[in-house]
1. Looking at residue 136, is it more than 15 Å from the ligand (Cβ to nearest atom) and either farther than 25 Å from residue 254 by Cβ or out of contact with any helix residue (DSSP H, G or I) (no Cβ under 8 Å at 6 or more places or on another chain) (or both)?
2. Which condition number does residue 220 fail, the rest of (1) under 30 Å from residue 41 (Cβ atoms); (2) in a helix (DSSP H, G or I); (3) open to solvent by 10 Å² or more (accessible area, probe 1.4 Å) being met?
3. Could you check the stretch 294-313 and list, in sequence order, the residues that are without any contact (Cβ under 8 Å) to a residue 24 or more places away in the chain and part of a helix (DSSP H, G or I)?
4. Please enumerate the residues belonging to the stretch 277-316 that are within 16 Å of the ligand (Cβ to nearest atom), over 18 Å from the mean Cα position of the chain (by Cα) and open to solvent by 10 Å² or more (accessible area, probe 1.4 Å).
5. Inspect all residues belonging to the stretch 252-268 and state whether any of them is within 16 Å of the ligand (Cβ to nearest atom) and surrounded by fewer than 21 Cβ atoms within 10 Å (Cβ to Cβ).
6. Within the set of pairs 6 or more residues apart or between chains, which connect a residue that is in contact (Cβ under 8 Å) with a residue 24 or more places away in the chain and under 20 Å from residue 92 (Cα atoms) inside the stretch 54-73 to a residue that is among the aromatic types (Phe, Trp, Tyr) and open to solvent by 10 Å² or more (accessible area, probe 1.4 Å) with Cβ atoms less than 9 Å apart?
7. Yes or no: the stretch 318-331 includes at least one residue that is touching a Pro at 6+ places or on another chain (Cβ under 9 Å), buried (at least 24 other Cβ atoms within 10 Å of the Cβ) and part of a loop (DSSP other than H, G, I, E, B).
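The values are calculated or read from the model by the stated rules, or taken from the named source; none is laboratory data. These figures come from a predicted structure and were not determined experimentally. A quick note on method: Cβ atoms are made from the backbone with ideal geometry, for glycine too, and the neighbour counts reach across all protein chains shown. With ligands, DNA and RNA removed, areas are computed over all heavy atoms of the protein, side chains included. Shrake-Rupley method; radii C 1.70, N 1.55, O 1.52, S 1.80 Å.
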Amino acid sequence: MKKKITFMWLLLSMLVLSGCGSSRPVETTEPTSENSNIVVGFSQLGAESDWRSANTESMKDAFSEAAGYTLVFKDGQQKQTNQITAIRTFIQQDVDYIVLAPVTESGWESVMEEAKEAGIPIILVDRLVDVSDKSLYQCWVGSDFELEGKKVCEWLHQYTLQNDIAAEDLHIVDLQGTLGSTAQLGRSRGLNEAAIEHGWDIVALRDADFTQEKGREVMTSLLRTYDNINVVYCENDNEAIGAIKAIEAAGLVPGKDIANGEIMVLSFDGINEEALEYAREGKIACIGECNPLHGPRVEAMIQALERGETPEKYNYVEEHIFSALPDVASITVDGVEYAVTEPVMKEKE
Ligand code: GYE
């Protein structure tokens, strides 16, 4: 039951309703073929990282006018209240689909019910929402964040075995992503489980909000507080870049030689050229890839819905693991082997 209400049409009717157009005649002709685009409201959570910028670009490319879409894009600036307002605006505009990249998992129930009552399907991208009624969203595409965490930790475990580093000699700090986001929850869980399994020392966990500035700030303060940190697990590349700046500013060296006082940096994403360069230099020891190019995937889901099909509910993307260090050639997690590859940005799909 597609509405195909055009965006222009909708703006004109809003002008009439709000009275702004009352002094002028308002064109109220029926939509023509050129304005029969599918209208997609996309609530992006923010612009905190390079991953996010690549994701936004991928979505904008996929939902172009040329492809038959009108994209209404709203940047939530990392605030859930902004995203809720955006969704309410989309409902008022009677868009055909709402795509939501939620900042955190909780607190979406009521606004998603409003969309359901209005008959507007919601598609989730990247992170998930924690709602008991899963019919509030049609489907989701994103990464298995816990698996990403497990992969990076397994790399670290193998590295310590290769280099005779005792588990109890690892003193790790976790620069967490935005607390309560699916990416943070999964990656933090991956580390926590590996630490329990291997007996690693987790010195501290701190929120660094997936940004470079927070990464730098938090790492600076951790280095002042603790003198035994030898591994920093950064939950994205922007935090890692910030952490490296903090390590160097403190007169320390980011690198693999933790037995001789270097601090090993681990990270996620693999989309930021600066971070990939650091990985090639060994300043970042290992990056768990996180693929942001979801635009064509979400577009394919909308096309399936348009054809009356039911897309798979949960869609995980395949991801690699990067390291320039020769120590670990491959890792095995949950029975699956992953080759450790050169830190080179993967081709856009
Ligand atoms: O890793 C980080 C971004 O949710 C997968 O959010 C995403 C994460 C990504 O800010 O860079």
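1. Spelling it out, residue 136 is indeed more than 15 Å from the ligand (Cβ to nearest atom) and either farther than 25 Å from residue 254 by Cβ or out of contact with any helix residue (DSSP H, G or I) (no Cβ under 8 Å at 6 or more places or on another chain) (or both).
2. (1)
3. Those that are without any contact (Cβ under 8 Å) to a residue 24 or more places away in the chain and part of a helix (DSSP H, G or I): 300, 303, 304.
4. Hit for the stretch 277-316 is 278, nothing else.
5. No, the stretch 252-268 has no match at all.
6. The qualifying pairs are 70/7; 72/7.
7. yes
Listed here are the residues, each with its yes/no results for (1) among the hydrophobic types (A, V, I, L, M, F, W, C); (2) touching a strand residue (DSSP E or B) at 6+ places or on another chain (Cβ under 8 Å).
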| site | (1), (2) |
| --- | --- |
| 186 | no, no |
| 197 | no, no |
| 201 | no, yes |
| 208 | yes, yes |
| 213 | no, no |
| 237 | no, yes |
| 246 | yes, no |
| 253 | yes, yes |
| 257 | no, no |
